[in-house]
Amino acid sequence: MMYLLGLKDDYQHDGRVILEMVDPNVLPSSVHAHAETLLRLGQIYKQINAPFGALAQSTLTVSNFAIQSNSDGDAVYNNLESKIASWTTQRDAVAAQIKAMLEGAEFSGLAINEQQAKQIISASQALLNQASACASNPGSCGS
C-alpha cells in the first residue's frame, strides 16, 4: 500500500490489498468509503482468477470428465471444452474489470461505482455458480 505513504510506483499489480489484514484507520477515503464492496470484489476476484480458486477447481473437474468421455465424434469433449472456453472468456472480462476497480481504489485513490461493482460481483458469482453446477454433474451439461 505505497499509496498510504504518499509514494507512487509504476508497478502493475496483479492482486489486491488484503483488506482483511489492514487497519481500517489507515485506509484512504476511496477504500474506506467502500471497504465492504472492495472486500467482496477482492474475494470474488480470488475465486474466479486464482489457480486454486473455485472456478479453476470446477473447470478442472469438467475438463477431466471431458477427457475421459468416449462419445461419438467426441461430442461431449467438444461441448464441455467449449463451455470452459466460454467461462474463461467471461472470467477474463470480469477479472479485468475487478482488477481495474481494485487498482484504482487501492493504489490511485479513485472512488468506485458501487452499483457497477455490485453488478460485477453478481456476474462473477453467476459464472462461479454455472461452472460449479456443471462440475457437480458434468455428464448432464456435456451433452
Determine ³J(HN,Hα), in whole Hz, for all residues of segment 108-117 in sequence, where each value follows from phi through the Karplus function 6.51 cos²θ - 1.76 cosθ + 1.60 and θ = phi - 60°; x replaces Gly and Pro.
-> 10, x, 8, 6, 9, 8, 4, 5, 5, 4
So, by mean Cβ neighbours within 10 angstrom, what's the order for 121-129, 84-92 with the highest one leading?
-> 121-129, 84-92
Between Leu110 and Glu36, what is the label-to-label distance in nm when each label sits 7 Å out along the Cα-to-Cβ direction?
-> 2.4
Ranked output for segments 104-110, 66-72, 39-45 by mean other Cβ atoms within 10 Å, highest leading, reads 39-45, 104-110, 66-72
Apply the Karplus parameterisation 6.51 cos²θ - 1.76 cosθ + 1.60, with θ equal to phi minus 60°, to every residue of segment 54-60 and state each ³J(HN,Hα) to the nearest whole Hz, in sequence, with x for glycine and proline.
-> 4, 5, 4, 5, 5, 5, 5
Projected label distance in nm at Ala50 and Asn70, using a 7 Å step from Cα toward the beta-carbon = 3.8
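No value in this document is a laboratory result; all are computed from the given coordinates. Quick caveat, the model's predicted, so the values are computed rather than measured. Cβ sites come from the backbone with ideal geometry, for glycine too, and all protein chains shown count toward neighbours.
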